[in-house]
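The block underneath contains the structure these notes are about, expressed in structure tokens.
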Amino acid sequence: MARSLALVALTLLVIQGVLAYDPTITADFGLMGPVTGFVAQFPGVTGLGISSIFFKLGSGGLVPLHIHSRATELFIAVQGTWTVGFIDSANTHYTAQLKEGDQFVFPVGLIHYQLAGNSAATGYSSFNSENPGVTLIGSNIFTATPPIPDAVATGSFGIDAATLASIRKALAPPPPPSP
């Protein structure tokens, strides 16, 4: 009996110490709302090799062409319909039409996208890395700072200088708000 009481007292002391050390410890292990669950936003995944993101898009909403250089992505269609796809290293396009509950895997490092159908759609993605990285193909190529030389961009995509300027303008981030 005395041993059980000592164990309970020790447990309470440890819990009290943990709470006193980190008053927001529960916030480290739980996120509320549509957020990115990468390590920077969700410290609870530190060292676990996992992360996630929950997101909603309007009708025809697009997660543009991008890659995750450090993780494979498992996408789950939570609500609505989705067109998803990736392009492998042999330049083969794999695509699928997903409905609620369907899943699709995007292998690490391959260009991929998610496109919502004719109504609002909700998706959930999990990754096998706490920091999967994300590179948005179009904006990274056309809005790099300093810019990629015009000759490289026009030659790589078979476009003229006017088209290049138009693409850069369309993808340019908005100017910062004035103070």
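Every read-out reported here was derived from the displayed coordinates using simple, explicitly stated rules and does not represent laboratory data. The model shown is predicted, which means the values in this text are computed figures rather than measured ones. Here the Cβ positions follow ideal geometry from the backbone for every residue, glycine too, while neighbour counts run over all protein chains shown.
Values as computed for the structure displayed
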{"item": "Length released on extending from residue 150 to residue 96, taking residue separation times 0.36 nm less the Cα-Cα span", "result": "15.9 nm"}
{"item": "Overall form of the range 84-168 per C-alpha gyration tensor (a/c, 1.5; a/b vs b/c)", "result": "prolate"}
{"item": "Projected area averaged over orientations for the range 31-142, convex hull of C-alpha atoms, nm²", "result": "7.1 nm²"}
{"item": "Trypsin sites (Lys or Arg not before Pro) lying in DSSP loop within the range 66-175, provided at most 12 other Cβ fall within 10 Å", "result": "99"}
